[in-house]
1. Anything in the range 49-68 that is modelled with pLDDT under 85, surrounded by 11 or more Cβ atoms within 10 Å (Cβ to Cβ) and not in a loop (DSSP other than H, G, I, E, B)? List them, or say none.
2. Residue check, A211 against (1) modelled with pLDDT of 85 or more; (2) closer than 28 Å to F83 by Cβ, all met but one. Which one?
3. I'd like the full set of residues that are among the aromatic types (F, W, Y) and part of a strand (DSSP E or B), limited to the range 165-202.
4. If you take the residues in the range 155-168 that are surrounded by fewer than 19 Cβ atoms within 10 Å (Cβ to Cβ) and touching a residue at least 12 places away in the same chain (Cβ under 8 Å), which one is farthest from Q112 (Cα to Cα)?
5. Quick one: in the range 69-117, which of the residues that are in contact with an Asp or Glu (Cβ under 8 Å, 6 or more places away or on another chain) and in a helix (DSSP H, G or I) is surrounded by the most Cβ atoms within 10 Å (Cβ to Cβ)?
6. I want to confirm something. Restricting to the range 332-377 and keeping residues that are among the aliphatic types (A, V, I, L, M) and modelled with pLDDT of 75 or more, which single residue is nearest to the chain's Cα centre (by Cα)?
7. Looking at the structure I just gave you, is L97 modelled with pLDDT of 80 or more, more than 19 Å from the chain's Cα centre (by Cα) and at negative phi?
Amino acid sequence: MRAPEACSAEPSSLPSSLPSAAPASAPAYAPGSAPGSAPASASPPFPRYIQGALQRECALEFADWRWLCSHALDSEGAALEYFYLSPFYVEQASETLNERMRRGERLQADLQGLLFSVSYSNLDVLRAEAPQFFRAEARDRQAEAPTVSDFAARCTFFNAQAIFHITLLRRESARHGATRTLPLRVYAVVAGKIYRLPPLFDVLQQKMAAAMSHLETCFDLLQSRLARWSLADGYTWADRQTRETQRLGVRSPTGDAAEAEREDFGEAETVVTEVFRRPGSEVAARVLVEEQRLLAKEVSTLAEQRKAVDEKWRLAREAEAKLAAALEKTFGVYRQQKTAQLKQLAPSQQLAFLLEKRKLEAQAAERMQKPAQSHAV
């Protein structure tokens with residue numbers, strides 16, 4: 001999880017003190033005091049920024065890529081099911097009405113409590129802009145189940161472009177038995193990531209603090225470039241063009257202005273280019289490394305399990321082959337013994353009589369069936 005740009009509040013980004021009136025290149029002395037005396041009291045420092053619980057929660061970001069790989073955020077119900085996995089919901093799940101609905105309870109319209117509800121989504125726009133096979137699938141309800149590639153494309157399309165606003169509502173009883181709904185917090189699901197939207201006051205405060213820091217840096221830079229201080233004249237202000245004109249107006253000992261310009265060429269000011277870049281998110285980097293480590297560990301565990309299953313299957317097949325060979329050998333010995341015993345037995349007259357009797361009964365049944373067939377013809 002990393003901190004979103006609108007919610008990040010870093011103490012280092014705030015100025016440590018208000019802009020001072022004295023240039024940064026010279027120490028600040030009180031009026032009428034000597035340079036060797038102690039400096040006057042500086043301006044009061046900027047109040048230290050203390051991050052509260054609200055700012056810490058606004059700096060969180062939740063994303064479950066495993067869930068997004070097997071589900072599509074194509075409905076408000078899917079967005080709520082995905083939101084139920086986030087720490088924003090887990091911390092207060094026992095106090096919400098959503099948990100009771102998930103358990104299958106039927107809630108009345110005037111029931112009081114906390115409720116997470118989807119207040120905005122752009123599904124209407126996405127469904128109109130969805131690829132052609134999505135719209136064809138929606139029209140043809142009798143079609144076969146979508147293929148794996150179509151499902152993956154559907155997940156990628158909706159999870160990357162769907163936007164949901166989930167509002168935490170408090171349902172309270174009002175006068176005359178009515179129910180009043182108060183919005184407490186708003187969460188956003190953007191590109192599969194869940195954020196808490198900060199209050200407008202915090203956003204303005206953070207932007208004003210960043211602007212104050214930039215203005216102080218610019219003011220200090222201008223002071224170091226334009227201001228000069230001397231014991232006799234105090235502070236003097238002059239731009240670079242004026243100073244260059246004054247230097248060029250001074251003649252060299254030989255009387256050549258170009259030579260004076262060459263002498264002052266070494267004193268040219270250094271050009272400073274400042275680029276303000278957004279610092280990298282250390283939290284996101286740590287989460288990425290931890291996720292990679294967990295995935296590598298899971299892959300190694302699955303590989304070991306597969307190797308163990310293959311070895312177990314090989315041993316089972318070898319045992320089955322040995323058992324089949326032993327059974328076949330036993331059956332062969334049994335057949336040989338049975339054949340030998342039958343050869344040793346004497347012919348039985350009773351068995352021959354029974355066989356002759358069954359033969360006569362079969363012939364009699366055939367003779368009875370022939371007249372019935374001729375009559376039917």
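1. Of everything in the range 49-68, those that are modelled with pLDDT under 85, surrounded by 11 or more Cβ atoms within 10 Å (Cβ to Cβ) and not in a loop (DSSP other than H, G, I, E, B) turn out to be L54, Q55, R56, E57, C58.
2. (2)
3. Y187, Y195
4. Step one: filter the range 155-168 for residues surrounded by fewer than 19 Cβ atoms within 10 Å (Cβ to Cβ), giving 155-157, 160-161, 163, 165, 167.
Filter again for touching a residue at least 12 places away in the same chain (Cβ under 8 Å), leaving 155, 157, 160-161, 163, 165, 167.
Working: C155: 36, F157: 37, A160: 35, Q161: 34, I163: 28, H165: 22, T167: 16 Å.
Once the filter is applied, the top-ranked residue is F157.
5. Y82
6. V333
7. Values: modelled with pLDDT of 80 or more: yes; more than 19 Å from the chain's Cα centre (by Cα): yes; at negative phi: yes.
Against the criterion (modelled with pLDDT of 80 or more, more than 19 Å from the chain's Cα centre (by Cα) and at negative phi), L97 qualifies.
Residue-by-condition table, conditions (1) within 30 Å of E57 (Cα to Cα); (2) among the charged types (D, E, K, R); (3) outside the structural domain of Q112 (by TED's automatic domain parsing):
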{"residue": "L168", "(1), (2), (3)": "yes, no, no"}
{"residue": "E172", "(1), (2), (3)": "yes, yes, no"}
{"residue": "R180", "(1), (2), (3)": "yes, yes, no"}
{"residue": "P199", "(1), (2), (3)": "yes, no, yes"}
{"residue": "Q206", "(1), (2), (3)": "yes, no, yes"}
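The values are calculated or read from the model by the stated rules, or taken from the named source; none is laboratory data. Bear in mind the structure is a predicted one, so any value in this text is a computation, not a measurement. A quick note on method: Cβ atoms are made from the backbone with ideal geometry, for glycine too, and the neighbour counts reach across all protein chains shown.
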